[in-house]
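Enquirer: My questions all concern the structure below.
Bear in mind these aren't lab numbers, they're just calculated from the coordinates by the rules spelled out. For clarity, every value in this text was computed on a predicted model and none was experimentally measured. Heads up, the Cβs are rebuilt from the backbone with ideal geometry, glycines too, and the neighbour counts pull from every protein chain shown.
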Amino acid sequence: MGANDVVNPAAENNPNSPIYGMPILNVSEASSIVFMKRTMNPGFAGVQNALFYEDNTALLFGDAKDSLNAIVAKMREFAPA
């Protein structure tokens with residue numbers, strides 16, 4: 001899990017971006033990405049994240065902590081005792 005701006009590939013591939021050169025997590029290399037967001041608004045830096053629109057990205061809207069707790073609870077229902 002990481003904040004929107006620290007996974008934004010614009011930091012590596014868009015020299016005109018205000019976050020260009022900032023170190024990021026290379027999330028764009030993952031086969032599947034899940035963003036937990038409250039809205040489609042850009043991150044703290046005000047830069048839209050192109051990952052939102054990639055085919056390997058899913059968006060889960062809501063509070064991240066609540067969403068993750070719900071996912072973990074559901075997974076525990078299916079976990080062997």
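Enquirer: What about Val27, is it without any contact (Cβ under 8 Å) to a residue 24 or more places away in the chain and within 23 Å of Gly62 (Cβ to Cβ)?
Expert: no
Here's the yes/no breakdown for (1) aromatic (Phe, Trp, Tyr); (2) free of Cβ contacts under 8 Å to residues at least 40 places away in the same chain; (3) surrounded by 10 or more Cβ atoms within 10 Å (Cβ to Cβ); (4) farther than 19 Å from Ala11 by Cα:
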{"site": "Lys37", "(1), (2), (3), (4)": "no, yes, yes, yes"}
{"site": "Phe44", "(1), (2), (3), (4)": "yes, no, yes, no"}
{"site": "Asp55", "(1), (2), (3), (4)": "no, yes, no, yes"}
{"site": "Leu60", "(1), (2), (3), (4)": "no, yes, yes, yes"}
{"site": "Ala64", "(1), (2), (3), (4)": "no, no, yes, yes"}
{"site": "Ser67", "(1), (2), (3), (4)": "no, yes, yes, yes"}
{"site": "Ala70", "(1), (2), (3), (4)": "no, yes, yes, yes"}
{"site": "Phe78", "(1), (2), (3), (4)": "yes, yes, no, yes"}
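Enquirer: Then there is this: Hey, among the residues in segment 50-81 that are polar (S, T, N, Q) and touching a strand residue (DSSP E or B) at 6+ places or on another chain (Cβ under 8 Å), which one's farthest from Ser17 (Cα to Cα)?
Expert: Top of the filtered list is Ser67.
Enquirer: Considering only segment 1-24, I want to know if a residue exists there that is more than 10 Å from the chain's Cα centre (by Cα) and in contact (Cβ under 8 Å) with a residue 40 or more places away in the chain.
Expert: Yes, segment 1-24 has at least one match.
Enquirer: For Asn41, all conditions in the list (1) within 12 Å of the chain's Cα centre (by Cα); (2) of a type outside the set (Val, Ile, Thr); (3) within 21 Å of Ser67 (Cα to Cα) hold save one; what is the number of the exception?
Expert: In the conditions (1) within 12 Å of the chain's Cα centre (by Cα); (2) of a type outside the set (Val, Ile, Thr); (3) within 21 Å of Ser67 (Cα to Cα), Asn41 misses (1) alone.
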